[in-house]
Every structure is written in structure tokens, then in C-alpha cells.
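The values are calculated or read from the model by the stated rules, or taken from the named source; none is laboratory data. This one's a predicted model, so the numbers in the text were calculated from it and none came from an experiment. Here Cβ is always computed from backbone atoms with ideal geometry, including for glycine, and neighbour counts include all displayed protein chains. Each accessible area value is taken on the protein alone, full model and side chains, heavy atoms only, with ligands, DNA and RNA left out. Shrake-Rupley method; radii C 1.70, N 1.55, O 1.52, S 1.80 Å.
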Amino acid sequence: MTTQITHSDGIPLIPEHSHDSGSPRTTLNGNIKIKALPANFYNKFLSEKGKQQKPSPIRGLYPLEKKPGVISLLAGKPEPSTFPFTSLSFTVKDPLQTDGSESTITIPQDQLSPGLQYSDTAGIPDLLKWITTLQEIAHGRKHGMNASGAGEEGWRVSMGSGSQDLISKSATALIDPGDCILVESPVYAGVIPIFKHMDCKQIEVPTDSQGIRSSSLKEILENWPEGEKKPKLLYTVPYGCNPTGMTASLERRKEVLKLARQYDFIILEDDPYYYLYYGKATRPSSYFALEATEPCGEESGEPYAEVGRVLRFDSLSKILSAGLRIGFATGPETILRVVDMLTANANLQVSSLTQLIAFRLLDSWGYDKFFVHTKNVSAFYEKKRDVFENGLKKWLGGGIPEEGERDEGRLAEWVSPEAGMFFWFKLLVDPPSTDSSQNEDEQDSRTLIETHAYANGVLALPGTVFLPNGSKTPYVRASFSLLTEEQVVEAMKRLRKTVLEVRSERANR
């Protein structure tokens, strides 16, 4: 048995591989053939609006400018010599140093010019190439080009102004009014209005401490109403889910992928917290990685994996800078071509300058330093998680937090997150002697947070904003990313005071 070499944060180191499109690739599971779904497979998934998209009459011809000897009269690009910028320098931390050492990156005028000019809709070529290789390393996927210039496994990368920009455009490309889509619940609040704007039906799939409940998903699909449109998409945040903080187990992921193949839907894998994983268990594979390693049948006596059912969204916001506004989608060429056309017709492209800054930083580090940096970032949030959880335990977890205090029992329930920057906890506002199941309406956290807690000087997000159909819930989402230890202690004291005040009110009714 061979030992798989991994980066320090558990991401597998994938060895260099051949670009021979005719040979089966070797994966962590042994020899397996990869079968990419054909381009026409996605016709049934594209929305009418997606099918109607046409290439920009100008940007669609950009590639022709690159042919040597061609004199282009095509685009209205401004003359770079009129720009006032002549160079750009910035300092960055060295991921390998703990003493705060910095290095300076300078972009001279000749190299700065591409960042000051219009560029390709999908992204500046250098950054696209760097990110594509990153996806090969991090997820074990193969992107070598075949004779026709398409990726052997049918995938590529497109840049967006943050991953939410790409999610919104992907929804436009794939969803028609009246379509049914599956969404894990609770779900990232930012996508609820996106899907509502599409006028589709959001079918909630419950989650728990192991992520999306694949058994519930299976039950929903097995009992799908006859005559109703079958769901074409599943949206999920598998690492450090916002809001629950939960990370889907490997077993659940495999079961979900199996259901996607069986019931013919595409997985929208929104993974902004992928690099913020700090769990003790082995890092679970992404859906994008799993579809290339999980066999779905045999051909001539050899196992094969079908790829092309996962559209993945990553972000640089949590690991480099939220202000850069750079995200990237990885998935089927056919879908991303439509997304690119939507970008070209809406905002042309992501800022060339921020892409250039990101590329020069990443290129100066290389992949090893990048993974060291992401490990440092995840370790930072792990410490933040621990500080917040210690505050929860002391002030809301039962017992006597300070001398002179009474033991009021547990005031909150939660599961410790293993990735991301959020806690999802239930405030136990009913006195312990009452049957809380009979008072679910009274346990709606919206009123408690927006009135009682805010009056006491603490603010969090009521859980109802993360439920697609707006159900009531006693849960609350709290972010611990920016808080100092002193702020955590004070916030917990104020939450404790809030819960006890509400308990007292209810006991005296």
C-alpha cells in the first residue's frame, strides 16, 4: 500500500501527470477511467435565458487578436501611455516567517500594463493558469488539453467578482421560473434572494452536525410528486457552512454524489471556507474531487467515473482579501461559457488590476507557500473558535460563571464547528421545567435578538434569515472572526443576561 503525500493541511499532493487523453488516469483510489459528460448533456440543464445568450460582438473576437501578424482595429481599448500609473509596489507577509517579516513585490510598467487594460472575460491568462493548476493540486483533477483544445475532463476555470457573482450568474444560466432546486437548510442567506429572483421552488434538505442529511435527500427524491418538475440542482456549502459551521462528512458527500448521478442533477458546490478547515479528522474530499474518484460503473471490465456534475465556487476573500473581490468557478466548460457571456454582457470582466495583484502575490509564493499561508489562516480561526466556545461554555453552558451567580442550567446548545468562522447555537429561553416543544413559536430568535439582545448591546443574526421558506427557529448565528477575547466575554455576558430576562418574563406570565 502506497502512502499518499499531503500538504501540511491535508490537501493531497498530486504528482505531475501525463496529458495523454487516451490513457486512464491514476487516482487515490487506483486506476480509473474518467468519462467527461458531453457538451450536449447540459442542454436540458441550461435555462431559456442561458440558451439565448450570445457572445459579445466585440469580446467574442478578442481571441483572434492574439494571432501573430494580425493588425487589430477591433476594440476601443484606451492607449496605455495615457494612463498615469507607471509602477505598483506592495508589501506582503512571508508565510514561512513568524516574526512579521515582509517582502516587497514591485510590478514595473511593462508588466503593469495588462492590469490597466481590458482583458479576457474569463480572467487574465496568468491568473487563470495559476488557479487551474491549484485546482489540479488541491482536488486531484486533470486539465490537460486534448487535440481540440478542450480540457480532457471537460472542466475549466472562470473568474468572477467574488464567488457570489458567479453563483448569481450560474443561477441565471441554469434556472427557469418554476424550476425546482434543492437547497440545504439552513442555507447561506446570500443565495436565498438569488433563487427567489429566479422564481423557482426551493426544496429544503435538512442538515445536522455531519452536514447535509443524505438520507433526507434520498427520501425527498424517492417520494418526488408525480408530474412535478424534477430538481436539476442541489446547492450546498460543504465546509464550515454559513450559518451552521458544519462540515459534511466524507460518507455524506459520497451518498449525495451517488444520488446526483442516480436522479440526474448538478451539484453547486459553494466552498468559500475550504481553506479554513481546522478539524482533527482527515480533510474530506470535495465533490469536485470525488466525482473523479468515485466509480459509477464498469466498461470493458474496468471501473470508470463520470465527471461533469459539479460546478464549484471558490473565493480569495477569506484567504487573501475580501476587498480584492475575486472568486472563481470550476466546472463544465459548457456552463461556464454561458456564465462568461453573462459577465461580458453585464460587467465585461473582473478588474484586471486586482487579478494582476493577486497573481503576482500567488506567483511569488508558489503553491507550497500558498498552502502554508492557508494553514496559518485556518489555525488563526481555530484559535478564534476556541476562544468563542470557551465563552459559550462559561456563560451559557451551565454552571456558575462567577462568584455570586446562580446555576441557571444550560442557556444554549451548539455543536463545535471544524471550519469557517461561525457558531450556530440554540438559545434556551424557556425555563428548564417547561416543555419547549410546545412553545416553538415563542422560541423564534428574531424577536429575542432584534429587541432584547440589541437592547442589551449585543447583536447576532436570527436563524430564520437562513431558512429559504422563512420558518421560525430558536437558533442564532454568530461570527467570531473579528472579536477579541474581551469582546467575546462581554458578548456572552450580555447574551446570558438576555436569556435570563426572557426566561423571567415567561415564568411570570
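Less than 5 angstrom separates the built amide H of Tyr235 from those of Leu182, Val183, Glu184, Leu268, all sequence-distant by 5 or more or on a different chain. Here's the picture: a label point sits 7 Å out from the Cα of Asn376 along the beta-carbon direction, and within region 83-107 the residues with their amide nitrogen under 15 Å of it are 91-105. Pairs exceeding 18 Å between alpha-carbon atoms, taken from Lys33/Lys142; Lys54/Lys232; Lys169/Lys229; Lys196/Lys218; Lys44/Lys232: Lys54/Lys232; Lys169/Lys229; Lys196/Lys218. Between Leu396, Leu276, Ala358, the Cα set farthest toward the positive side of the dipole of the chain (charges on each charged residue's Cβ, about the Cα centre) is that of Ala358. A simple spin-label model places pseudo-atoms 7 Å from Cα toward Cβ; at Asp110 and His197 they are separated by 4.4 nm.
The slack between Cys296 and Glu228, meaning 0.36 nm per residue of separation minus the straight C-alpha distance, is 21.8 nm. Counting only aspartates and glutamates at least 8 places from Lys93 when in the same chain, those with an alpha carbon closer than 18 Å to its own are Glu102, Asp363, Asp368. Dividing the convex hull volume of the alpha carbon atoms of region 388-509 by its residue count gives 116 Å³ per residue.
Remark on region 80-182: Rg and Dmax equal 19.0, 56 Å (Cα only). Using a 7 Å offset from Cα along Cα-Cβ at Thr484, what residues in region 367-388 end up with backbone N under 11 Å from the label point? What the label zone holds, given the 11 Å backbone N cut-off, is no residue at all. Annotation: for a label point projected 7 angstrom from Cα along Cα→Cβ of Asp176, residues of region 41-81 with backbone N closer than 13 Å are 43-52.
Magnitude of the charge dipole for the chain, about its Cα centre and with charges confined to Cβ atoms of Lys, Arg (+1) and Asp, Glu (-1), is about 760 debye. Could you point to the residue in Leu448, Gly190, His143 farthest towards the positive end of the chain's charge dipole, with +1 and -1 charges on the Cβ of Lys/Arg and Asp/Glu respectively? The one lying farthest along the dipole's positive direction is His143.
Counting protein heavy atoms only, the chain has 51 percent of its accessible area on carbon and sulfur, 1.4 angstrom probe.
Ranked by the mean number of other Cβ atoms within 10 Å of their residues, highest first, the peptides 488-494, 335-341 fall in the order 335-341, 488-494. For the pair Arg410 and Glu136, a Förster radius of 45 Å applied to the C-beta separation gives a FRET efficiency near 0.45, rounded to the nearest 0.05. Take Ala346 and Ser101, extend 7 Å from each Cα along the Cα→Cβ direction, and tell me the distance between the two endpoints in nm. For Ala346 paired with Ser101, the spin-label model returns 4.3 nm. Between Glu403 and Ser215, what FRET efficiency comes out of the Förster formula 1/(1 + (r/R0)^6) with R0 = 45 Å and r the beta carbon distance, rounded to 0.05? Between Ser215 and Glu403 the formula returns 0.45. Along the axis of the charge dipole computed for the chain (Cβ charges of +1 for Lys and Arg, -1 for Asp and Glu, origin at the Cα centre), the listed residues Ser378, Thr106, Cys180 are led at the positive end by Thr106.
Just the number please: accessible area per residue for the chain, 1.4 Å probe, all protein chains included, in Å².
Computed with neighbouring chains in place, this is 47 Å² per residue.
Pairwise Cα distances in region 155-213 exceed 17 Å in 45 percent of cases. Straight-line cross-link reach from Lys67 at under 21 Å between alpha-carbon atoms covers these lysines, not counting any fewer than eight positions away in the same chain: Lys77, Lys129.
Multiplying the residue separation of Asp386 and Asp94 by 0.36 nm and subtracting their alpha-carbon distance yields 102.6 nm.
Expressed to the nearest 5 percent, the antiparallel share of DSSP beta bridges inside the chain is 65 percent. Going through [x] 25.8; [y] 29.6; [z] 25.0, the figure that equals Kirkwood radius over Cα pairs in Å as computed for the structure here is [z].
Maximal additional length on extending the Arg446-Tyr367 stretch stands at 24.0 nm, based on 0.36 nm per residue less the C-alpha distance.
Quick check for me: using +1 on Lys/Arg Cβ and -1 on Asp/Glu Cβ, what's the dipole size of region 249-385 about its Cα centre, in debye to the nearest 20?
Here region 249-385 has a charge dipole of around 940 debye.
Put a plus charge on the Cβ of each Lys and Arg, a minus charge on the Cβ of each Asp and Glu, and nothing anywhere else: the dipole of region 168-250 about its Cα centre is then about 220 debye.
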